[in-house]
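Chemist: Below: one structure in structure tokens.
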Amino acid sequence: MNILKNFSVAAASFALALATASCGGSRSGSDAGMDAFVDDLLGKMTLEEKLGQLNLPASDDIVTGQAKSSNIGQMVADGKVGGVFNIKGVEKIRDLQRVAVEESRLGIPLIFGMDVVHGYETVFPIPLGLSCSWDMQSVEKSARIAAREASSAGICWTFSPMVDICRDPRWGRASEGSGEDPFLGAAIARAMVKGYQGDNLRNNDEIMACVKHFALYGAPEGGRDYNTVDMSRQRMFNEYFAPYKAGAEAGAGSFMTSFNTVDGIPATANRWLLTDVLRGMWGWDGFVVTDYTAISEMIAHGLGDLQQVSALALKAGTDMDMVADGFNGTLAQSLEEGKVDLGQIDAAVRRILEAKYKLGLFDDPYKYIDSGRGEKEIYSAANREEARRIAAETFVLLKNDNDILPLRKKGRIALIGPLANSAANMPGTWSVAANFERYKSLYDAFRDAVGSEAEVVYAKGSNLEADPQLEADATMFGRDMRDPRSEKELLAEALRVAAGADVIVAALGESSEYSGESSSRTILTLPETQRRLLEALLATGKPVVMLNFSGRPTVMTWESEHVPAILNVWFGGSEAGDAIADVVFGKVSPSGKLTMTMPRSVGQIPVYYNHFNTGRPKADDSRFEKFRTGYLDSPNAPLYPFGYGLSYTTFEYSGFALSADEMTADGAITASVTVTNTGRYDGDEIVQLYIRDMVGSSARPVKELKGFERISLRAGESRKVEFEITPELLKFYNYELEFVAEPGEFLAMVGPDSDRLSVLPFTLK
């Protein structure tokens with residue numbers, strides 16, 4: 001029996017090699033060669049093997065050298081698995097791939113995925129923080145480094161980038177996206193895909209991207225994760241679809257479905273989304289994978305039993321089933337009963353095989369398995385330096401009265417707060433491959449930064465939350481930091497430490513798992529126990545700098561009124577401690593700018609810059625006006641607008657001009673402005689261009705971001721910044737979903753954020 005099995009394996013391997021050779025040697029060549037190869041392989045596959053390719057289980061506990069004896073190892077040997085995700089360890093991956101190519105009948109290699117969301121062991125800022133750099137080169141570089149590290153550990157597929165537009169900071173997964181704006185989000189999507197995949201996926205340090213979550217996952221009712229989404233198709237196309245489309249156009253190898261409904265139909269079974277829009281309108285040709293158990297979750301949505309919802313997903317255009325075992329477990333019966341057809345199954349299998357072909361796995365199943373690379377690539381000094389540099393670009397200076405920042409390295413600096421000495425909370429949510437033991441806490445980084453020039457003293461000051469259960473829920477996955485002492489004891493220690501200090505740095509805010517998946521919140525203010533600590537520190541009369549750790553826009557109305565200096569540091573990744581020290585002590589001037597609006601209160605949500613006017617807009621937002629759009633108890637304006645961020649230096653905008661005041665349908669005009677660094681520090685500024693369509697066939701936003709440029713200026717230096725305005729930038733989807741630029745009057749606006757803008761009119765003829 002063993003002899004016969006070995007002969008069968010060898011014969012199958014030979015047949016596969018022969019098929020490979022017949023398609024022209026290097027299989028990363030023509031589409032024709034790929035088609036011929038896939039056709040040949042499909043013709044050899046049994047129905048069970050085809051359904052196996054559509055199955056993506058999570059890894060169980062695979063012991064190196066014993067993959068075959070594991071449950072998943074046996075499934076792989078039986079041809080019932082197309083890929084596996086979240087295995088860490090190149091030797092474990094090697095073992096499982098060996099089972100696939102040497103012990104399964106056809107030797108089809110596995111694809112190995114992982115949530116490499118914002119880095120591997122070198123962790124970059126959470127995506128929301130990264131977006132605040134507005135630096136596409138840095139964004140691409142972060143993905144490039146993540147790809148190099150992950151690929152050296154055997155990973156060839158990442159479930160990133162997440163490109164969901166979010167305008168509701170109650171939603172925890174705001175941390176994983178790029179904010180509220182579709183134009184900026186599209187630019188980041190393109191940069192991330194390019195960083196992961198390189199030019200063609202030919203090299204072993206390029207991995208396949210997965211654009212997620214398609215679609216509209218960032219717009220759930222009430223900010224509750226997985227919840228219903230309800231919006232017009234016109235709004236989908238104009239305000240939410242651009243980043244997905246950009247990812248598709250950039251050549252992302254895969255897309256992931258979202259959990260939510262779209263037009264009442266779960267995205268995983270939504271043929272309009274997956275086939276009509278994604279593949280039809282946008283011409284994308286990759287494969288679609290579900291999110292975790294998304295197929296079986298459609299039972300709770302009320303679409304039927306597992307067999308029924310699996311058939312719906314396949315027919316809609318879903319290709320790979322993550323974990324639910326719906327495809328592997330039910331499609332054979334559905335085929336027998338005529339509820340799906342073989343052509344639909346073959347189409348899905350084909351797309352999976354094509355992805356493996358493009359990754360070069362049929363040429364070399366062990367392409368990504370080289371333990372020697374990992375020793376050089378993973379968490380290298382060069383990678384860490386880049387992560388530190390990039391993190392420093394993302395911090396947003398919200399307030400700096402009397403130029404408290406940067407701090408001088410002298411005297412005694414009190415570092416106080418629950419986030420001050422927690423290395424595990426520096427990387428942020430979805431840092432799946434992070435190695436917390438290798439990272440610095442903020443306390444360690446501050447001491448390294450000042451050396452012998454100053455003294456850094458520390459006290460925790462408070463727990464994250466007064467409620468221990470709430471804190472436990474917000475500090476999962478090895479990030480626990482609960483102190484058993486009472487609030488009174490912790491505060492007393494903090495005040496003793498503060499009493500002897502010259503300045504206080506308060507490290508407050510959210511823990512890393514207070515954002516991310518299933519981390520929605522209704523209260524976005526500082527937890528009460530931390531507020532009481534902050535009030536006590538301010539009462540000392542000493543200068544106080546607040547470092548706000550967060551994975552979302554938070555409500556800091558009270559803090560903005562009372563705290564003299566506030567630096568929003570998000571979660572900066574593995575090198576966050578050193579990067580924060582670089583900014584706090586003036587080695588780097590802060591340059592980040594908000595990509596999500598910061599509200600005054602939860603009651604304002606959703607609040608975003610590119611909103612529509614009403615028919616009764618307020619003329620003066622500083623006071624209440626009866627029968628005008630507004631609140632009795634609050635201005636409409638947010639606490640901090642989209643695009644906002646201060647620096648240690650100051651910038652002056654002058655000479656805003658348009659090259660012409662009219663533009664033809666095939667022409668262009670240039671907007672120019674001179675920016676001058678008028679302060680004492682060198683610094684970076686992010687110059688922003690907005691446009692308003694004054695009259696349209698549909699209501700249009702009061703302004704829309706249409707250009708940006710990050711520039712570096714020495715103290716006293718000036719630079720002229722130019723933006724080309726083309727008809728393409730003026731296009732929108734009308735009520736019939738036609739992408740048009742309508743002739744008429746427009747406003748061009750340039751400035752440092754969405755609120756402080758110089759305005760000039762022009763006309764599209």
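Chemist: For a footprinting-style exposure proxy, rank Glu493, Glu453, Glu510, Glu685 by other Cβ within 10 Å, fewest first.
Modeler: Glu453, Glu493, Glu685, Glu510
Chemist: Right, another one. Using modelled backbone amide H atoms (1.01 Å from N, in-plane), which distant-in-sequence or interchain residues come within less than 5 Å of Thr257's amide H?
Modeler: Phe214, Val289, Thr290, Asp291
Chemist: Right, here's the next one. Could you give each residue of the stretch 520-534 its phi-based ³J(HN,Hα) in whole Hz, using Karplus coefficients 6.51, -1.76, 1.60 with θ = phi - 60°, and x for Gly or Pro?
Modeler: After applying 6.51 cos²θ - 1.76 cosθ + 1.60, I find 6, 9, 9, 10, 10, 7, 4, x, 4, 5, 6, 4, 5, 4, 4 Hz.
Chemist: Let me ask another. With the calculation restricted to Cα positions, what are the radius of gyration and Dmax of the stretch 271-421 in angstrom?
Modeler: Computed over the Cα atoms of the stretch 271-421, radius of gyration and Dmax are 25.3, 79 Å.
Chemist: Express as a percent, rounded to the nearest 5, the fraction of DSSP beta bridges in the chain (both residues included) that run antiparallel.
Modeler: Antiparallel: roughly 55 percent of the beta bridges in the chain.
Chemist: So how tilted is helix 31-44 from the main axis of the chain? Cα-based, degrees 0 to 90, rounded to 10.
Modeler: For helix 31-44, the angle is close to 50 degrees.
Chemist: Run lengths n ≥ 4 of DSSP H only: what is the helix-derived mean residue ellipticity at 222 nm for the chain, with -39500 (n - 2.57) per run over all residues, to the nearest 500?
Modeler: When only DSSP H runs of four or more count, the value is -9000 deg cm²/dmol.
Chemist: How long are the three semi-axes of the equivalent ellipsoid of the stretch 618-728, in whole Å, if each is the root of 5 times an eigenvalue of the C-alpha gyration tensor, listed from largest down?
Modeler: They are 29, 25, 10 Å, listed largest first.
Chemist: Can I ask one more? Quote the convex hull volume per residue of the stretch 317-399, based on C-alpha atoms, as a whole number of Å³.
Modeler: Output value, Cα hull per residue: 203 Å³.
Chemist: How large are Rg and Dmax for the chain when calculated on the C-alpha trace, in angstrom?
Modeler: Radius of gyration, then largest Cα-Cα span, for the chain: 27.1, 88 Å.
Chemist: Once you order the gyration tensor axes a ≥ b ≥ c over the Cα atoms, which shape class does the stretch 541-672 get: rounded for a/c under 1.5, otherwise prolate or oblate by comparing a/b with b/c?
Modeler: Verdict is oblate for the stretch 541-672.
Chemist: Which value, in Å³ per residue, describes the convex hull spanned by the Cα atoms of the stretch 668-726?
Modeler: Enclosed volume per residue, from the Cα hull, is 86 Å³.
Chemist: When you have a sec, figure out the Kirkwood radius of the stretch 2-374 from all distinct Cα pair distances and drop it here in Å to one decimal?
Modeler: Hydrodynamic radius (Kirkwood, Cα pairs) of the stretch 2-374 is 20.7 Å.
Chemist: Sort the following peptides by mean Cβ neighbour count (other Cβ atoms within 10 Å, averaged over residues), highest first: 738-744, 311-317.
Modeler: Ranking, from highest mean packing down: 311-317, 738-744.
Chemist: Here's a follow-up. What is the ratio of the Cα radius of gyration of the stretch 81-120 to 2.2 N^0.38 Å, with N the residue count, to two decimals?
Modeler: 1.25
Chemist: Within 10 Å, count the other beta carbons around each residue, average over each peptide in 273-279, 413-419, and list them highest first.
Modeler: 413-419, 273-279
Chemist: Let me ask another. Please report Rg (one decimal) and Dmax (integer) in Å for the Cα set of the stretch 457-593.
Modeler: Rg then Dmax for the stretch 457-593, in Å: 14.8, 42.
Chemist: Just tell me which lysines come within less than 20 Å, Cα to Cα, of Lys80; anything on the same chain fewer than 8 places away is out.
Modeler: Lys5, Lys44, Lys50, Lys68, Lys92, Lys356
Chemist: Exposure proxy check: Ser591, Ser697, Ser520, Ser380 ranked by fewest other beta carbons within 10 Å?
Modeler: Result, fewest neighbours first: Ser697, Ser380, Ser520, Ser591.
Chemist: Using Cβ counts within 10 Å as a stand-in for footprinting exposure, how do Thr268, Thr394 rank, fewest first?
Modeler: If I rank by nearby Cβ atoms, fewest first, I get Thr394, Thr268.
Every number here is computed from the coordinates shown, using simple stated rules; none is lab data. For clarity, every value in this text was computed on a predicted model and none was experimentally measured. Glycine gets a Cβ as well: all are built from the backbone with ideal geometry, and neighbour counts include every protein chain shown.
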